[in-house]
Amino acid sequence: MSIRAALPRDAAAIAAVHVRSWQAAYRDLLPRPYLDGLDVDERTAVWAARLAEPRPPGLLVATEAGPPERVVGFCGFRAWPDDELDPATTGEIAALYAVPEAWGTGVGRGLLAAAEEALAAEGFRDAALWVLADNARGRRFYEAAGWRPDGTVVLDTTAGRTLDELRYRRRLFV
């Protein structure tokens, strides 16, 4: 596995990872018709637009060697998007997904570590992220990597289902 910055040509592969990971990770949390209806082409358009921006967001992909090279995961990061935390010193892990067959292989941990390093290199001292409270696998993953809930909970409504999201944080410089 290797990790590199995402390129515009990766949009479709990122979209496929995004859809497949949601369908597997959230199968017990979100309605089946909603998950089955997730559209790779629609997500491809979104990712293509993001990657074509003059200053695209921080986005890393994990790939398996080919040929052809295969994207098996991705991680997006940026400055914290609102004033609740200081966006000058706090970065956000905005997305971290891998195809289900890559779970438990180190892909997620590698992407998370690379994103943390990139945030620290950009001068962020802290990082935060949101994880669904009922996503036990995700919570175990982040806690094993040193992330801890900070007590902040928000409600997220997706596909008519309201779920608690927990904010997790960690220091980037110890």
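Estimated from the Cβ-Cβ distance and a Förster radius of 25 angstrom, the FRET efficiency linking Ala65 and Arg109 is about 0.85.
For the peptides 36-45, 18-27, 92-101, 114-123, the ranking by mean Cβ contacts within 10 Å, running from highest to lowest, is 92-101, 18-27, 114-123, 36-45. Modelled label positions at Leu155 and Glu84, each set 7 Å beyond Cα in the direction of Cβ, lie 1.4 nm from each other. Annotation: Glu69 carries an accessible surface of approximately 90 Å², with a 1.4 Å probe and no ligand, DNA or RNA atoms counted. Model label sites at Arg140 and Ala52, defined 7 Å from Cα along the beta-carbon direction, differ in position by 4.1 nm. Backbone phi angles across region 10-21, fed through the Karplus curve with coefficients 6.51, -1.76 and 1.60 (θ = phi - 60°), yield HN-Hα couplings of 8, 3, 5, 5, 4, 4, 5, 4, 4, 5, 4, 5 Hz in residue order; Gly and Pro are listed as x.
Between Tyr34 and Arg169, the contour length at 0.36 nm per residue exceeds the Cα-Cα span by 45.6 nm. Taking the protein heavy atoms of the chain in the context of the full set of protein chains, the accessible area attributed to carbon and sulfur is 51 percent at 1.4 Å. Count charges around Pro56 for me, please; just the other residues with Cβ under 12 Å from its Cβ, Lys/Arg as +1, Asp/Glu as -1. Charge balance in the 12 Å sphere: +1.
Each other residue within a Cβ distance under 14 Å of Arg161 adds +1 if Lys or Arg and -1 if Asp or Glu, for a net charge of -3.
From the Kirkwood radius over Cα pairs of region 91-166, Stokes-Einstein at 4 °C and 1.567 mPa s returns a whole-number translational diffusion coefficient of 95 µm²/s.
Among the trypsin sites (Lys or Arg not before Pro) within region 92-152, not one is in coil by DSSP while having at most 12 neighbouring Cβ atoms inside 10 Å. Remark: the chain carries 52 Å² of accessible area per residue (probe radius 1.4 Å; ligands, DNA and RNA excluded).
The values are calculated or read from the model by the stated rules, or taken from the named source; none is laboratory data. Keep in mind the model is a prediction, meaning the values are calculated, not measured. Neighbour counts are summed over all protein chains in view; Cβ atoms, including those assigned to glycine, are modelled from backbone coordinates with ideal geometry. Heavy atoms of the whole protein, side chains included, go into the accessibility calculation; ligands, DNA and RNA do not. Shrake-Rupley method; radii C 1.70, N 1.55, O 1.52, S 1.80 Å.
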